[in-house]
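Notes follow once the structure below has been shown.
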Amino acid sequence: MSVKIKGLNNLLSDLENKLGKQAMQHISDKALVEATDEFVKELKREFETFKDTGASIEEITVKGPVWENGSRIMKVHWRGPHDRYRIIHLNEWGTINNPNPDGKGAIARALKNSEKAYRNAVKKALKGGV
Amino acid sequence: MDILDMVYKALIADAYIYDQAFGRIKFYEYPETGDVDNPYIVIDPIDTPTPSQYADDQWTKLDFLLQIDVWSRDRKLTEEISDKIRDVIWKTFRFAQRAGPKEYDQGVFRDARRYRGSLYREDLNNL
């Protein structure tokens, strides 16, 4: 399971016309990275509330920015020796045998609650860059 | 009146859902796999409603995130009920659906979906 974070397409393409492609990509990448940091911070905080060994927090991995289907995205996923990527979705959604695991919906909550911080971080990075 | 009640009332107001699952629409509580002879619907709020959209320093909307599971012993029925729920929720609340996992275990099919959306404060009789 991974979480994909996309850029703000219209605004970015307007700026691109003004500043040129390369300069713009540099700026928007920085915005994406900084905004993703905000999301990851919230995600870790959310996972703290039900942590056991802490492996799920440790293995949170950020990759990107990369191109995918024509847009610039960041990927937040689980990578590491404890193979949490295999089970993280079970914990996120619950299963028939264990419908209410601790921390059910933690990723969704983190996404929802970091929206504002995410937008602010993008704003800040764009302002700083332009 | 809270969102769970509102969703419950919207669901049983639909004839098809009423026929299939009346009496087996639960909040938070999931059935034991052995008890699933008829379709179960479980409504689980994933996050507390958060205030959103401000005007004059007052929040005007509440932002909701729900998970609704459908459990039954029939794969097609599970999906049909889930789709019906999606339509009812969209029509009543304009909450958008996010698909979740479909699962099969011990003869039980499960379809979990999440709904996200916001309602104006006036819609809630809790002021």
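The values are calculated or read from the model by the stated rules, or taken from the named source; none is laboratory data. A quick note: this is a predicted structure, and the numbers were derived from the prediction, not measured. In this analysis, Cβ positions are derived from the backbone assuming ideal geometry, glycine residues included, and neighbour counts consider all displayed protein chains. What goes into the accessible areas is simple: the full protein's heavy atoms, side chains included, and nothing from ligands, DNA or RNA. Shrake-Rupley method; radii C 1.70, N 1.55, O 1.52, S 1.80 Å.
Can you say whether A:LEU43 is in a helix (DSSP H, G or I), over 10 Å from the mean Cα position of the chain (by Cα), under 21 Å from A:VAL76 (Cβ atoms) and of a type in the set (A, V, I, L, M, F, W, C), as far as the supplied structure shows? Break it down into steps so the answer makes sense when it comes.
On the way: in a helix (DSSP H, G or I): yes; over 10 Å from the mean Cα position of the chain (by Cα): no; under 21 Å from A:VAL76 (Cβ atoms): yes; of a type in the set (A, V, I, L, M, F, W, C): yes.
In short, no.
What number of residues in the range B:12-48 are of a type outside the set (Val, Ile, Thr) and either in a strand (DSSP E or B) or open to solvent by less than 80 Å² (accessible area, probe 1.4 Å) (or both)? So that I can check it myself, show each step before the final result.
Restricting attention to the range B:12-48, the residues satisfying the condition of being of a type outside the set (Val, Ile, Thr) are B:13-16, B:18-24, B:26-32, B:34-35, B:37-40, B:44-45, B:47.
Going one step further and asking which of them are either in a strand (DSSP E or B) or open to solvent by less than 80 Å² (accessible area, probe 1.4 Å) (or both), we end up with B:14-16, B:20-21, B:23-24, B:26-27, B:30-31, B:34, B:38-40, B:44-45, B:47.
Going through the range B:12-48 one residue at a time, the tally reaches 18.
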B:ARG98 versus (1) open to solvent by less than 70 Å² (accessible area, probe 1.4 Å); (2) of a type in the set (D, E, K, R); (3) part of a strand (DSSP E or B): which is the lone unmet condition? (1)
Would you confirm whether or not the range B:103-111 contains a residue that is open to solvent by 70 Å² or more (accessible area, probe 1.4 Å), within 14 Å of chain A (Cβ to nearest Cβ) and more than 16 Å from the chain's Cα centre (by Cα)? yes
Which of the residues spanning the range A:60-89 are free of Cβ contacts under 8 Å to residues at least 60 places away in the same chain, within 14 Å of chain B (Cβ to nearest Cβ) and either open to solvent by less than 70 Å² (accessible area, probe 1.4 Å) or of a type outside the set (D, E, K, R) (or both)? A:ILE87
Please identify the pairs in which a residue from the range B:21-33 that is within 12 Å of chain A (Cβ to nearest Cβ) has its Cβ atom under 8 Å from the Cβ atom of a residue that is among the polar types (S, T, N, Q), counting only partners at least 6 apart or on another chain. B:TYR28/A:ASN100; B:TYR30/A:ASN100; B:THR33/A:ASN97; B:THR33/B:GLN106
Suppose we keep only residues that are in contact (Cβ under 8 Å) with a residue 24 or more places away in the chain and within 22 Å of A:GLU115 (Cβ to Cβ) within the range B:38-57. Which one would you say is nearest to the other protein chains (Cβ to nearest Cβ)? B:ILE46
Restricting the search to the range A:90-101, which residues are surrounded by fewer than 17 Cβ atoms within 10 Å (Cβ to Cβ) and under 21 Å from the mean Cα position of the chain (by Cα)? A:LEU90
Give me the pairs, please: first residue somewhere in the range B:89-112 and within 20 Å of B:GLU32 (Cβ to Cβ), second residue anywhere and outside any strand (DSSP E or B) and open to solvent by less than 20 Å² (accessible area, probe 1.4 Å), beta-carbon distance under 6 Å, and either six or more positions apart or on two chains. B:GLU103/A:ILE96; B:ASP105/A:ILE96; B:VAL108/A:ILE96; B:VAL108/B:VAL36; B:PHE109/B:THR78; B:ARG110/A:ILE96; B:ASP111/B:THR78; B:ASP111/B:SER82
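So if I check each of B:VAL70, B:VAL88, which one is more than 11 Å from every other protein chain (Cβ to nearest Cβ), out of contact with any Gly (no Cβ under 8 Å at 6 or more places or on another chain), open to solvent by less than 30 Å² (accessible area, probe 1.4 Å) and not in a strand (DSSP E or B)?
On the way: B:VAL70 fails: not in a strand (DSSP E or B).
From the options B:VAL70, B:VAL88, the qualifying one is B:VAL88.
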